[in-house]
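The values are calculated or read from the model by the stated rules, or taken from the named source; none is laboratory data. As the structure is a prediction and not an experimental result, all values here were calculated from the model. Here Cβ is always computed from backbone atoms with ideal geometry, including for glycine, and neighbour counts include all displayed protein chains. Ligands, DNA and RNA are stripped out before the accessible areas are found, and what is left, the full protein with its side chains, is counted by its heavy atoms. Shrake-Rupley method; radii C 1.70, N 1.55, O 1.52, S 1.80 Å.
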Amino acid sequence: MYHSLAAIQADLKLANTSCEALVKNYLANIDNKKHLNAFVEVWADEALQAAKIVDAKIKINTAGKLAGAVIGIKDVLCYRNHKVTSASKILEGFESLYTATSVQRLLDEDAIIIGRLNCDEFAMGSSNENSFYGNVLNDLDNTKVPGGSSGGSAVAVQADLCLATLATDTGGSIRQPASFCGIVGVKPTYGRISRYGLIAYASSFDQIGVFTKSVADVGLILQIMSGADKNDSTCSQKQVENYLENISNCDVSKLKIAYLPSTIESAGLDTEIKNRTLEILEQLKAQGATVESAAFDKLDYLVPTYYVLTTAEASSNLARFDGVRYGFRSPNATDLESVYKKTRSEGFGKEVKRRIMLGTFVLSEGFYDAYYTKAQKVRRVVTNEMNTLFENYDFIVCPTTPTTAFGFGDKKDPIAMYLNDIYTVLANIAGIPGISLPLGKHSNGMPFGFQIMSKKFSEEQLFSFSNWCMNNFSSN
Amino acid sequence: MDKSIIDKYEMVIGLEVHAQLQTNSKAYCADGTEFGLSPNVQVSPISLGHPGTLPVMNERSLVYAIKMGIATNCTINKYNAFARKNYFYADLPKGYQITQHTTPICTDGKIKIKVNGEEKYIGITRIHLEEDAGKSIHDIDPFNSLIDLNRAGVPLIEIVSEPDLRSADDAYEYLTYIRKLVRYLDICDGNMEEGSLRCDCNISVRLKGAEKFGTKVEVKNMNSIRNVKRAIEYEMYRQIEMVEKGEWIEMQTRSFNAADGSTFDMRSKEAANDYRYFPEPDLPPVILTDEFIAEAKAEMPALPEELINRFKTEFGLSEYDANVLADEKEIAHYYLQLISFQKNYKSAANWLMVSIKGYLNEKAISISEFPVEAKKISELIDAIDGNKISNTVASQKIFPALIENPTANILDLAKELNVLQESDASAIEELVKQAIAKYPEKVTEYKNGKTSLQGLFVGEVMKLSKGKAEPKIVNQLVNKHLSE
């Protein structure tokens, strides 16, 4: 099984393999691992068709940069004439009329899209237990969750059901499952990749990212998707750097790395994860890097801030799912008001309804200032603090998750579930890039991630340092 | 109601005017905006609110809003953030409307109106940009409501006045002026029947001299300026009567019934709608530059007030004539064109206001459809002033012929119609002799002092000349011969 696109492309060049053979192989894996419930829909025939076309292009040297990359997409990304549902009943049967910019850019470079992947409904969740299509199982231990919300996307890479997957990260939905599944997961800078065609959860937090087993693949795929888009005004006009050029040229001795003691001393952090994190910090120091602790006293405010702001945006973003124009409409509805009430009551799952109600509440007259305005202020303060920190440091590092993957049904209290995001929401609140690297292995047999964050639009440095870490600290 | 009772009260009225902007595409996507097409043809995944779609600002709508702001003497604000106004309705695809909440593009303006001869200023609180909703149609299918989303996402400006209006007449003049402005600026067709211009009135009454405002009632659904006036008049009586009876006026939204001129309660329940405004995360704030504002300003035509002044001071027209000409931009422009060829400003104004406007009214067409170019009309005026044709002949014979044949030469037409004015004194003299010979007894009467009879002879000569004789010469010759 291939774990990097470079290896695949080398073999394609030598005709040791073909895209068709790769797709057949992945389709067989998908079939064997059906119980994981990673895919919501597999576009087998189409992927085979596409493979033949790319194979023909390879023969005449006209294939794109992603020739040989077989990629799955989270069920929140639109792909023309394909179903997309956000793992929700409310979009049952819905087919998109257009293709997301991110997906289109992959197709333009000859990526083969093999299917859409299970996730928490509307990307709301940390365990993939909130999907209309049921749980996704962690391939390392089927009694454990894969993390969420991009559980299907994580497990598809973990179990080699495809080479890479697209997912979204609003508060950790890529990095947390990457940690639970032992793979690489990255969320780039907010505004680096167009959100056009991404079914919104929280617009000012959502960002498209990637799961792979190799940092180089992350770099290439992100580079192809990144950059300005006339269909998304929040997407940055900033030039996209070449993420691969210097990916192997990291001089660790020149790096200044900060860790936030509050993240290491946090009460809920698993001891082994803490120790491994400290161990990595020591080794970085030993390699000549400057490693310092940096004060950050807002950790306890991050999760509340995140949930106030994201649910507020979600309550509005999800208003369009009303049964009037597309998707599910309750058969029990009799008039406009009951179309709304019954469709939304029957169409949305429990967690989504909880967040819509919470978001509606925090935006309500009389409560707005106490919740929404205050949370906006905290967001601004935290963002400013991060920007200041990055004036002095290249990277901020911390664990990705406080624990390894937990069991299904273990976290019944939503607050306990929300606190699982404690280390990941920071990057979304501040809009900075973050990556989770599989550098830890717990005595319980489960992997865990090491998270690196850097300043906005510094993906090039982030990937170069990440690549170095993978080569030097990998737990495998 | 007794006038003495009404006179105790004063009305306080503020208007919220929505003007649909005539941009080629919608406010936040590339769909077209044409009116009157088949339902749901000007839509896309974006205006249908499909999942994953995002708004993109239409810059022209900013330009249009800036123009209206300048025309109403507003401050143009450079920082423009957008907000979501959340509510559910079947013709609102996203479940929210993208609008400007705390940072309207224009604030703090005023316009001058003239009501019954008296000038007054009406404050403009704000002008902000927003998008229109679609249309729900309840009267086509007996069992279902139908939705047309062609209009969904069309850009609007909302022009909010200060509560400075004190009567239905004030509101009438204010709205007329706003409509004139949007038409001058070519940003909205101002058609209230088709709903491209809509007006909501906030109306309250209070005792004259009172400082506090009464409880306001919002009235919607007036599809003409006249109906706005009727609705306000109705509310005036209704509210005064309630106050007189000691009843509380409830804050409510009422709808106007054009059939009988009354208003009725629409939805007191929903009046307390909580729209949960918050910053639109999909649309970054737009920061206007000085250049952008200057470019918008440079596109603006001369506005009515400026034209009226110019017409009066530069061309010596009366207040009335200046106002009539400036009433419609196209008429004013035709006039300006006309006087670029013609120095007889007064005559040019008369031709435009009487003959041309008369023709346009009769045919119910606009000046843009008028076939005769300004230059031709100027030549016509020249022909009159040069005594080639008489004024009467010009308006009754040449003008209609010119409309039939707009490129014809004026003098050729006059010859063809045999109406070229006779200024050959000897030819006219023959006719004068004939006329005098025809009425010998009248000549005697004239000579006995009834000089008013001169007109009879002049008329006779004109008749004999088939209107071609130059009146001045005829007068001279008649006078001469009668005095012999």
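I'd like the residues of the stretch B:78-108 whose 1.4 Å-probe accessible area shrinks by no less than 20 Å² going from the isolated chain to the full set of protein chains.
Those are B:Arg84, B:Phe88, B:Tyr89, B:Ala90, B:Pro93, B:Lys94, B:Tyr96, which lose 20 Å² or more relative to the chain on its own.
For the stretch B:425-482, report the translational diffusion coefficient in µm²/s to the nearest whole number, using Stokes-Einstein at 10 °C, 1.306 mPa s, and a Kirkwood Rh over Cα pairs. List each step's numbers first, then the result.
Working: Rh = 11.0 Å.
Answer, rounded: 145 µm²/s.
Project the alpha carbons of the stretch B:1-44 onto their principal axes and report the range along each, largest first, in whole Å.
58, 21, 14
Under Stokes-Einstein, with the Kirkwood radius over Cα pairs standing in for Rh, what whole-number D in µm²/s applies to the stretch B:3-291 at 20 °C and 1.002 mPa s?
Translational D for this selection: 107 µm²/s.
Taking 7 Å along the Cα-to-C-beta vector as the label spot, tell me the A:Asp335-A:Tyr301 distance in nanometres, rounded to one decimal.
The two pseudo-label positions are separated by 4.7 nm.
Heavy atoms only, probe 1.4 angstrom, no DNA, RNA or ligands counted: give me B:Met353, B:Met11 ranked by accessible area, highest first. Write down the numbers at each step before the final one.
Details: B:Met353 35, B:Met11 10 Å².
Reading off the accessible areas and sorting them downward yields B:Met353, B:Met11.
Find the eigenvalues of the gyration tensor of the Cα atoms of the protein assembly as shown, then list the square roots of 5 times those eigenvalues as equivalent ellipsoid semi-axes, largest first, in whole angstrom. Walk me through the intermediate numbers first.
Values: eigenvalues 1155, 213, 125 Å².
So the three semi-axes of the protein assembly as shown are 76, 33, 25 Å.
Between A:Asp31 and A:Lys412, what FRET efficiency comes out of the Förster formula 1/(1 + (r/R0)^6) with R0 = 35 Å and r the beta carbon distance, rounded to 0.05?
Details: r = 34 Å, r/R0 = 0.96.
The pair A:Lys412/A:Asp31 has a calculated efficiency of 0.55.
Take the Cα pairs of the stretch B:285-428, get the Kirkwood Rh, then feed it into Stokes-Einstein at 20 °C and 1.002 mPa s and tell me D in µm²/s.
After rounding, the answer is 126 µm²/s.
Which residues of the stretch B:20-68 bury at least 40 Å² of accessible area once all protein chains are present, versus their chain alone (1.4 Å probe)?
Buried by the other chains: B:Pro45, B:His50, B:Pro51, B:Gly52, B:Leu54, B:Val56.
Could you run the Karplus curve 6.51 cos²θ - 1.76 cosθ + 1.60 with θ = phi - 60° over the stretch B:41-49 and give me ³J(HN,Hα) per residue in whole Hz, x for Gly and Pro?
For the stretch B:41-49, the Karplus curve yields 9, 9, 9, 8, x, 6, 6, 7, x Hz.
Give the accessible surface of the stretch B:3-291 per residue, rounded to a whole number of Å², with probe radius 1.4 Å and ligands, DNA and RNA excluded. It would help to have the intermediate numbers written out before the result.
Details: 12400 Å² over 289 residues.
Each residue of the stretch B:3-291 exposes 43 Å² on average to a 1.4 Å probe.
With a cut-off of at most 12 other beta carbons within 10 Å, and DSSP calling the residue loop, which GluC sites (Glu not before Pro) in the stretch A:201-276 qualify? Please list them. Mind dumping the intermediate values first?
Details: sites: A:Glu241, A:Glu245, A:Glu265, A:Glu272; in loops: A:Glu241, A:Glu245, A:Glu265.
Within the stretch A:201-276, the qualifying GluC sites (Glu not before Pro) (loop, at most 12 other Cβ atoms within 10 Å) are A:Glu245, A:Glu265.
Once ligands and nucleic acids are excluded and a 1.4 Å probe is used, how much of B:Asp2 is accessible, expressed in Å² to the nearest 10?
Taking all protein chains as shown, B:Asp2 has close to 90 Å².
Multiply the residue gap between B:Ser318 and B:Asp189 by 0.36 nm, knock off their C-alpha separation, and tell me the result in nm, one decimal place. Numbers along the way, then the final one.
Working: separation 129, 0.36 × 129 = 46.44 nm, distance 2.86 nm.
Separation in residues times 0.36 nm, less the Cα-Cα distance, equals 43.6 nm.
In Å, what is the Rg of the alpha-carbon atoms in chain B, and how long is Dmax?
30.3, 99
Please work out how much length the chain gains when fully extended from B:Lys110 to B:Glu484, using 0.36 nm per residue of separation minus the C-alpha to C-alpha distance, in nm with one decimal. Before the final figure, lay out the partial values.
Numbers: separation 374, 0.36 × 374 = 134.64 nm, distance 6.93 nm.
Extra length available between B:Lys110 and B:Glu484 comes to 127.7 nm.
Any residues in the stretch A:71-104 that have 50 Å² or more less accessible area with all protein chains than in their chain alone, probe 1.4 Å, and which are they?
Residues losing area: A:Leu97, A:Tyr98.
Rounding to the nearest 20 debye, state how big the charge dipole of the protein assembly as shown is about its Cα centre with +1 on each Lys and Arg Cβ and -1 on each Asp and Glu Cβ.
On the way: 105 positive and 123 negative charges, 11 e Å.
About 60 debye.
Return the lysines within reach of B:Lys375: Cα separation strictly under 21 angstrom, same-chain partners fewer than 8 residues apart disregarded; answer none if there are no such residues.
B:Lys329, B:Lys343, B:Lys346, B:Lys357, B:Lys388, B:Lys397, B:Lys415
When the dipole is taken about the Cα centre of chain B, and only Lys, Arg (+1) and Asp, Glu (-1) are charged at their Cβ, what size is it in debye, to the nearest 20? Don't skip to the end; give the middle numbers.
Details: 58 positive and 72 negative charges, 201 e Å.
Dipole magnitude for chain B comes out near 960 debye.
Dividing the Cα convex hull volume of the stretch A:196-273 by residue count, how many Å³ per residue is that? Show your work: numbers first, answer last.
Values: hull volume 15.2 nm³, N = 78.
Expressed per residue, the convex hull around the Cα atoms of the stretch A:196-273 is 195 Å³.
Over both sides of the A-B contact, add up the buried accessible area with a 1.4 Å probe and give it to the nearest 100 Å².
Working: alone 18240 and 24140 Å², together 39590 Å².
That pair of chains buries around 2800 Å² in total.
log₁₀ I(q)/I(0) of the stretch A:8-85 at q = 0.21, 0.22, 0.26 Å⁻¹, via Debye over equal Cα point scatterers, no solvent, to two decimals?
For the requested q values the scattering log ratios are -1.00, -1.06, -1.25.
Compactness ratio of the stretch A:369-476: Cα Rg over 2.2 N^0.38 Å, N = residue count?
On the way: Rg = 16.0 Å, N = 108, 2.2 N^0.38 = 13.0 Å.
Rounded to two decimals, the normalised Rg is 1.23.
For all pairs of alpha-carbon atoms in the stretch B:1-85, what percent lies in each bin of width 5 Å, listed from the first bin to the last filled one?
3, 10, 14, 17, 15, 11, 8, 6, 5, 5, 5, 2, 0
Under the Kirkwood approximation for Rh and a Cα-based Rg, what ratio Rg/Rh is obtained for the stretch B:201-246? The partial results should precede the final answer.
Details: Rg = 11.4 Å, Rh = 11.3 Å.
When Rh is taken as the Kirkwood radius, the ratio is 1.01.
Using the reciprocal of the averaged 1/r over all distinct C-alpha pairs, how large is the Kirkwood radius of the stretch A:258-332 in Å? Mind dumping the intermediate values first?
Numbers: mean 1/r = 0.0607 Å⁻¹.
Answer for the stretch A:258-332: a Kirkwood hydrodynamic radius of 16.5 Å.
What does the charge add up to near A:Ser131, with Lys and Arg as +1, Asp and Glu as -1, over the other residues with Cβ less than 14 Å from its Cβ?
Working: positive: A:Lys74, A:Lys89, A:Arg116, A:Lys350; negative: A:Glu41, A:Asp75, A:Glu92, A:Asp120, A:Glu121, A:Glu129, A:Glu351.
Here the charged neighbours net out to -3.
Placing unit charges on C-beta atoms (Lys and Arg positive, Asp and Glu negative, everything else neutral), compute the dipole magnitude of chain A about its Cα centre in debye, rounded to 20.
Working: 47 positive and 51 negative charges, 106 e Å.
Roughly 500 debye for chain A.
Given the pairs A:Lys238/B:Lys110; B:Lys376/B:Lys463; A:Lys59/A:Lys213, which span a C-alpha to C-alpha distance of over 30 angstrom in this model? Could the numbers behind the result be given before it?
Numbers: A:Lys238/B:Lys110 42 Å; B:Lys376/B:Lys463 28 Å; A:Lys59/A:Lys213 27 Å.
From A:Lys238/B:Lys110; B:Lys376/B:Lys463; A:Lys59/A:Lys213, over 30 Å: A:Lys238/B:Lys110.
Run the accessible area of the protein assembly as shown with a 1.4 Å probe and give the carbon-and-sulfur part as a rounded percent. Don't jump to the answer; show the numbers that get you there.
Details: 19490 of 39590 Å².
Percent of accessible area from carbon and sulfur atoms in the protein assembly as shown: 49.
How far is it, in nm, from the label point at A:Ser443 to the one at B:Ala425 when both lie 7 Å from their Cα along the line to the Cβ?
Output for this residue pair reads 13.4 nm.
Average projected area of the Cα convex hull of the stretch A:1-147, in nm²? Could the numbers behind the result be given before it?
Numbers: hull surface 35.7 nm².
For the stretch A:1-147, averaging the hull's shadow over all directions gives 8.9 nm².
Scaled to the compact-protein estimate 2.2 N^0.38 Å, what is the alpha-carbon radius of gyration of the stretch B:385-466, rounded to two decimal places? Spell out each step's value before the answer.
On the way: Rg = 16.0 Å, N = 82, 2.2 N^0.38 = 11.7 Å.
Here the answer is 1.37, to two decimals.
Between B:Ser136 and B:Lys433, what is the label-point separation in nm under the 7 Å Cα-to-beta-carbon projection?
With each label placed 7 Å out from Cα toward Cβ, I get 8.9 nm.
Given H placed on each backbone N at 1.01 Å, which residues far from B:Tyr9 in sequence or on other chains put an amide H within less than 5 Å of it?
B:Lys208
May I have the convex hull volume per residue, in Å³, for the Cα set of chain A?
Working: hull volume 66.2 nm³, N = 476.
Per-residue hull volume (Cα only) is 139 Å³.
Taking amide H atoms as placed 1.01 Å from N in the peptide plane, list the residues 5 or more away in sequence, or in a different chain, whose amide H sits under 5 Å from that of B:Gln252.
Placed amide hydrogens put B:Glu218 under 5 Å from B:Gln252.
For A:Thr189, what residues show an amide H to amide H distance below 5 Å, using hydrogens built from the backbone and excluding near sequence neighbours?
A:Phe457
Using θ = phi - 60° and the Karplus curve 6.51 cos²θ - 1.76 cosθ + 1.60, what whole-Hz ³J(HN,Hα) does each residue of the stretch B:388-399 get, with Gly and Pro shown as x?
7, 9, 8, 4, 4, 4, 4, 7, 8, 10, 5, 4
From the helices alone, meaning DSSP H stretches of at least four residues, give me the mean residue ellipticity at 222 nm for chain B, per-run term -39500 (n - 2.57), in deg cm²/dmol to the nearest 500.
Working: 17 runs with 175 residues, N = 484.
For chain B, the value works out to -10500 deg cm²/dmol.
Give me the log10 of I(q) over I(0) for the stretch A:71-165 at q = 0.15, 0.17, 0.18, 0.24 Å⁻¹, as the Debye formula computes it from C-alpha points; what are the numbers?
-0.55, -0.70, -0.78, -1.20
Computed FRET efficiency, Cβ-Cβ of B:Asn448 and B:Asn475, R0 25 Å: what is it to the nearest 0.05?
Working from the Cβ atoms, E equals 0.75.
Compute the Cα gyration tensor for the stretch B:199-339, then decide on rounded, prolate or oblate, letting a ≥ b ≥ c be the square roots of its eigenvalues: rounded whenever a/c is under 1.5, prolate when a/b is larger than b/c in the other cases, and oblate in all that remain. Walk me through the numbers before you get to the answer.
Working: a/c = 2.62, a/b = 1.46, b/c = 1.80.
Oblate, since a/c reaches 1.5 and b/c is not below a/b.
Determine the per residue accessible area of the stretch B:425-482 with all protein chains present and a 1.4 angstrom probe, expressed in square angstrom. It would help to have the intermediate numbers written out before the result.
On the way: 3150 Å² over 58 residues.
On a per-residue basis, the stretch B:425-482 sits at 54 Å².
With a Förster radius of 25 Å, plug the Cβ-Cβ distance of A:Glu365 and A:Ala267 into 1/(1 + (r/R0)^6) and report the FRET value to the nearest 0.05. Could the numbers behind the result be given before it?
Details: r = 37 Å, r/R0 = 1.48.
So, using R0 = 25 Å, E works out to roughly 0.10.
Would you kindly derive the ³J(HN,Hα) couplings of the stretch B:259-266 from the backbone phi angles with the Karplus curve 6.51 cos²θ - 1.76 cosθ + 1.60 (θ = phi - 60°), listing them in order in whole Hz, with x for Gly and Pro?
Result, ordered by residue: 5, 10, x, 9, 10, 9, 5, 9 Hz.
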